Every structure is written in C-alpha cells, then in structure tokens.
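I have placed the structure first, in the form of structure tokens, so that the comments after it can refer back to it.
Nothing in this text is a laboratory measurement; each read-out follows from the coordinates by a stated rule. For clarity, every value in this text was computed on a predicted model and none was experimentally measured. Glycine also receives a Cβ, built like all others from the backbone with ideal geometry; neighbour counts cover every protein chain displayed.
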C-alpha cells in the first residue's frame, strides 16, 4: 500500500483547541499523524471517502466511512492521531481539551454520557452518522477562505455550532418539527434548489419553476428552504449576492458597475441601493475603505 507523507492543515483556535483539515485529492493514501495526550478529546468527521484510524501501534484499527464521525477520549492513555486517508477523501478533525470542552456544557454535562461524574475516568469511543445539519456546517468549513483575517473567529463559531448539533438534548424534538432534516430525499432536493438559484443568480427561476425543476411541491420548497437555510429562497439569494459583492469589490479588478452586472442587477443604482440597505454604506465607500 502506497502512502504519502503526513499532509493536513492545522489551525490553532486557542490554547488546547485545534482544527485539522485533510483533503486527499490524489490517487495515493495520505497519512495523518499528530501526538495527542490524555487531556484531549478528539472529533473526526469523514464527509467524503474513508479514513482508517490505528491505535496501539496498529494492533487496533477503526475504519470510518463517508458520512460518519467518531469521538475518542481516554483519560488514562495517550491516543496519538494516526490515520490513513484514502484518495478522494475529506476529513475534518477537532481536538479540544476535555477541561475546555466540559466548560462549554457545564450546565448540561450530566446529559452527555462521558461527561457525567461517574464516568470521569472512563475511556470513550463513539461512532455515529453525520446528520444533515452537521453536513451543512462541514460544507461551510470546507469552502471557507483559510487566509481570511477572521479565520479563527469563524472556525471557533462553526465548531461550537457543530457541538450544539452533536449534543442538543432537544434534537429529537427539533427533528419532529423539521421533517426535512430526516427525509434525505427532500434534503437533497432543497440543496439542489439552493445550487440552482446560485448558478442562475443573474436570472433566477420563479419559485414555481424551481419547485417543478426539483420535483417538490411549492409549499414544501418554501417550508424546507427556510427550515434548512434559515431564510426564504430569495432573501437567501440576496444575502448570498451581497456577500459575493463584498468579495468582488475587494478585488481591484472590478468596479461598481462591473460587480452590478455580474450579480444580475438591471441597473447599478438598484445594486447600490441593495448594498447600502444591507451594509449601511455604498459599494464605492466600501471599496475605498476596505
């Protein structure tokens, strides 16, 4: 078996709190290694492909396939990270001290099995399916510009969001209220709708056309989109376009008129009004100052 040397991107959020991203786009396996002591709890999310984790010098192996995650904690013995990442795989790992993690759930720690007082000195190995809300967060983390000046703030917020989805004691109730999160087929259709309006943002389809294209009723499209993405379809599109506008304006290659055309506005004045309503300043002022 051919294995390339260790290859991953590590970001230190703060003391004893790390995020590791490993994307293997090649044709050979990649090896992910890092020394980790007993003070850490580990979370490994495999959104694409497969990762094989080895322990005790290879005596024990845990294979984690696409759509699964594992949680590892052993207060008695070090669990150094030693994983083989298969080709066409994407893995995100979170390493955080158990002390810091416990503080996040200080009020609810007895609702989390391995944080209960009676389990304080017990090892904990857990595997489960990645839920749709977690997939959404992982996708945002995957697309995020790692060179952004707000990198640490963004990563910290998204990891906390991951934890909230993992350990929400009202999760079953929320799923009952949001059937789109348990209906995989509907979820895929709603995601397709989002992709369609982004790809056609200069001339987006009507809601009726969109519902027909994804083969989902208009009512379910409206309800599902708002449940999953937090806002109605066209509000989502407007906010997406405004975020894209900021990125384009930050690039000196584009002026206000060019950005307006790229976003599909009929006139620059309509774009300027929308941008000012969103951010409180004109695109020109933003470009000059930021």
Practice task
List 279, 73 from most exposed to least, where exposure is judged by having the fewest other Cβ atoms within 10 Å.
Solution key: 279, 73
Handout entry: Label-to-label distance, nm, for residues given as residue 14 and residue 246 (7 Å Cα→Cβ offset)
Key = 2.3
Problem - Distance between modelled label sites at residue 164 and residue 212, nm, 7 Å Cα→Cβ extension - result: 3.9
Exercise for the section: Compute the semi-axes of the equivalent ellipsoid of the stretch 235-289, taking the square root of 5 times each eigenvalue of the Cα gyration tensor, and list them largest first in whole Å. Expected result: 15, 12, 11
Handout entry: Principal axis box of the stretch 178-230, alpha-carbon based, largest edge first, Å
Key = 32, 17, 16
Exercise for the section: Please report 10, 199 as a ranked list, fewest other C-beta atoms within 10 angstrom at the top and most at the bottom. Expected result: 199, 10
Handout entry: In nm, spacing of pseudo-spin labels at residue 192 and residue 151 (7 Å Cα→C-beta vector)
Key = 3.7
Exercise for the section: Rank the residues 213, 243 as a footprinting-exposure proxy: fewest other Cβ atoms within 10 Å of their Cβ go first. Expected result: 243, 213
Handout entry: Fully extended contour minus Cα-Cα distance, from residue 143 to residue 60, at 0.36 nm per residue
Key = 26.5 nm
